[in-house]
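For reference, the structure is listed below as C-alpha cells.
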Amino acid sequence: MTATTDGSAGAVGPRAAAASDTTAHHPGTTGAPPPPDPALDAAAARAAERAVTHLLGRQDPEGWWKGDLATNVTMDAEDLLLRRFLGILDPDTTRAAARFVRGEQHEDGTWATFYGGPADLNATIEAYVALRLAGDDPDAPHMARASAWVREQGGIAAARVFTRIWLALFGWWDWDDLPELPPELIFLPSWVPLNIYDFGCWARQTIVPLTVVSAHRPVRPAPFPLDELHTDPARPRPVKPLAPVASWDGFFQRVDKGLHLYRKVAPRRLRKVAMNVAARWIVERQENDGCWGGIQPPAVYSVIALHLLGYDLEHPVMKAGIASLDRFAVWRDAAPGGLGDAGGDGGPVRMIEACQSPVWDTCLATIALADAGLPPDHPALVKAADWMLDEEITRTGDWAVRRPGLPPGGWAFEFHNDNYPDIDDTAEVVLALRRVRHPDPARLDAAVARGVRWTVGMQSRNGAWGAFDADNTSPFPNRLPFCDFGEVIDPPSADVTAHVVEMLAYEGRADHPRARRGIDWLLAEQHPDGGWFGRWGVNYVYGTGSVVPALVAAGLAPGHTAIRRAVRWLESVQNEDGGWGEDLRSYDEPEWIGRGASTASQTAWALLALLAAGERDSAAARRGIAHLAATQNEDGSWDEPHFTGTGFPWDFSINYHLYRQVFPLTALGRYLHGDPVLPGRKAA
C-alpha cells in the first residue's frame, strides 16, 4: 500500500503497488497474483475523482455535511396530528405534507415503511388520517382503496399501540383499551427492573412524556369519524384473549390489567408529584435548540406532555420545542405529476425527518475524502475537523447512571444532543480526526484522548459495546404490551463493537485488554455462514463490512479462519451485476439474508471487507469496483432509493441520503490506495 510519510493517502489515482506486494493476494493460494487491470484502475480513479468533487460541493460553509434522512410517512402524519392537537395546524403545511404522503402511496392504496417494502398497517392508517385532515374525500379512489385494505387487515384494532395512542387523542380510540403507563414509573430506582434506565435512550425519552399523556388521557374533538377504518364500527374493539398465565406475555398482560385498576385508586397527591418530577426530567433534557435528543418522536410527546401540564404555547420551553420540530421539515418543490405530487398541482412538498445526522455524515465524509487521497491539511478536512471538535460533548448525560465515575468525552449523532453522545459516532469521529493534519494538534489530541477514554469506559460486561448505554440488556422492556413499536433496549452489537475495535487499533491499542475482549466477542458472534448481524445498517452485509476491517486492523491475518469464512460468504451473495444488496426483510425472514437489489452503499460495505481481507485483485472485488464505476452518475453521485439504514431492525428503516456517496468513495479510495495508515497503526 502507498502512503505519505505523515500517514495520509496519496493523490487520487491507481495504487502504485510493487509487483512483490502480496498483501492484496489471497493469502491461502499459490502462484502469482492476478495481473493488474489498468482499465479498471483508471475507471476507479475517474469515479473517485468525480465523487470527491461532488462531496466537496456538498459541504456546508461551517464545515459539516448532512444528507436527508428519510423514514416513512408516520413521521409526517404524526406531525400533522400534533399540530392539530395543539391548534397550530396551518393550511400551507397541511397541503405540502399531504402532497408528500400521497406521493408515497402504493397503487393498492397502502403505504410501506421502506422503499419496495410490503404494505404496513400502521403507516397506512396514519397516512390515511393525515390525508383526511388535509381534506381528502374518503370516497376518493385512493382513499377508498386504503380504507378497504385496512379493514381487510383487521382495522384500527389490529394496529400498534403508538398508532392507537394518536387516535385516542382525538377520541377515535378508547384510552381504556390501551396499555397503562403510570407516571409513578419515574420513581423506580435504577436497580429495580423496568426503571426508565432499563430502556434504550430513544425509548426512555419517549416513555417518560407518554406516562404524563397516559395519566391525563386527553381527547380533542375529532374533526370527522373514522368508521371506515373499523371492521365493525358498532364493535370496534374486539376482546382479545389473554396469553397463558405462565408465559411472559400472559404475565405482563395481567400486570397491565393491574395497572388499570391502580389508576382508579392511585393517590392523587402521589400522581401529581410523579407528573411534576416527570416534567422536570423532560425540561432538564431539552437541548439548547429546543429539541429532545435530536430526534422527532421524543420531541413530539414531550411537547404534548408539557402542554397537558399547563405549559402554554408561549412558554419559552414550548416555543423552543415547537420551533425545533419545524427544523425537522424538509421542503422542496415538486414538478406537476412528480414524486410527492399525487394531486398534480406542483406545489411545495414537505417531508419530516425523524432525526438529523450531521456528526455521523461529517465524520464519514471526512474518512471518505481522506481515504480517496485528499491531502490531510486540505481546507475542507481542516474545516470539518474544526466543526467536529466544536461538537465534542464534555458534560455528563444519562449514560452516567450506569457509569457514574466515568469522565465525559464523546460525540452525538445530531446537531444538538448533549445528553446522549453515542459510542458509534465517537469511534468514527476519532478515526476521522486522525486523518486530518490540524493546525492545533494538541487540541485534537486532547479531544481524541477524552473520546477514547469515554468509549473504553462504556464497554458492557460481555466485552462488547452498545450504541448509547452500557449493559442496557434487560429482558423485560421488550415484553411490555406497550412496547410493540420496535426495539426498546440497546444491547451491544457487532457493528458498533467493530467500529470501537477499529478505532482502538488505529490508536495503537489493539493489544489493550478491553480491545481483546471486544475482538473475542466479535469472533464468537460470527454467523455460521460467515457474516455478522448488522444492528444499525442492513444487515449482514453491513455487519460484515464493519467487522472484517476492524479485525484486520486489530491484527488478525487475512488468512484467519473467521476472515476466510466472511470472504466466502460475501462472494456467495454477490449479485450478477457485480454489486451487493440486502433487503430489510432479512431482519424478519432469513431467506433474505445477503439478498436484494444492488445498492451503492451495500456494495461499498462488501468491498471494504474484501479489501481489508487482502482481496483487492480477486474477481469479486474487481466486479464490485466495476459496478460502482458503472453505476455512478455524471455528477459524481450515486442513486439509491433503497433503505440501507435502521433505527429499529425491520420496524423502523432509514434511507441516509449521504450513504450512497461516502461509502462508495471510501471503497474506491481504499482500492486505489490501500488501507489508511493512522498514527497508532503501522503500514502493512
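A cut-off under 10 angstrom between Cβ atoms defines the neighbours of residue 530, and their net charge, with Lys, Arg +1 and Asp, Glu -1, is +1. Per-residue ellipticity at 222 nm computed for the chain from its helices equals -14000 deg cm²/dmol, with DSSP H segments shorter than 4 residues left out and the rest contributing -39,500 (n - 2.57).
Simple spin-label estimate for residue 256 and residue 242 gives 1.3 nm between the two label positions (7 Å along the Cα-to-Cβ direction from each Cα). Only the Cβ atoms of Lys and Arg (+1) and of Asp and Glu (-1) were treated as charged; on that basis the dipole of the chain about its Cα centre amounts to roughly 1900 debye.
The Cα atoms of region 325-455 cover 56, 41, 18 Å along the three principal axes, with the biggest extent listed first. Explain nothing, just the number: relative contact order of region 350-410, from Cα pairs under 8 Å at least 6 residues apart, as a whole percent. Contact order relative to length: 27 percent. The alpha-carbon of residue 240 sits under 16 angstrom from the alpha-carbons of these lysines, leaving out residues fewer than 8 places away in its chain: 257. Extension gain, residue 589 to residue 191, is 139.7 nm, computed as 0.36 nm per intervening residue step minus the present C-alpha separation. Taking 7 Å steps out from each Cα toward its Cβ at residue 264 and residue 139 produces label points 4.4 nm apart.
For residue 315 and residue 249, the difference between the fully extended length at 0.36 nm per residue and the C-alpha to C-alpha distance is 19.6 nm.
Across region 441-480, the convex hull enclosing all Cα atoms gives 66 Å³ per residue. Length gained on full extension, residue 46 to residue 152: 32.9 nm, using 0.36 nm per residue less the C-alpha separation. In terms of its C-alpha gyration tensor, region 536-675 comes out oblate, because a/c is 1.5 or above while a/b does not outweigh b/c. Here, region 154-280 is characterised by an Rg to Rh ratio of 0.99, where Rg is the alpha-carbon radius of gyration and Rh the Kirkwood radius.
Going from the fewest other Cβ atoms within 10 Å to the most, the residues 166, 292 appear in the order 166, 292.
Across all directions, the average flat footprint of the convex hull enclosing the Cα atoms of region 54-179 is 10.4 nm². Taking other C-beta atoms within 10 angstrom as a stand-in for reagent exposure, 85, 251 fall in the order 251, 85, fewest first.
According to the Kirkwood expression over distinct Cα-Cα pairs, how big is the hydrodynamic radius of the chain, in Å?
26.2
From the alpha carbon centroid of region 79-147 to that of region 350-391 is 35 Å.
Please check the chain for the longest run free of GluC sites (Glu not before Pro) that are loop-located per DSSP (anything but H, G, I, E, B) and have at most 15 other Cβ atoms within 10 Å.
Within the chain, the longest run free of exposed GluC sites (Glu not before Pro) spans 315-575.
From the alpha carbon centroid of region 619-676 to that of region 224-293 is 42 Å. Remark: 514, 461, 204 ranked as 461, 514, 204, counting other beta-carbon atoms within 10 Å and listing the fewest first. A Förster radius of 30 Å, combined with the Cβ-Cβ distance separating residue 323 from residue 272, puts the computed FRET efficiency at roughly 0.55.
Read the figures in this text as sums done on the coordinates, not as results from a lab. Given the structure is predicted, the values throughout are model-derived calculations rather than measurements. Backbone-built Cβ (ideal geometry, glycine too); neighbour counts: all protein chains shown.
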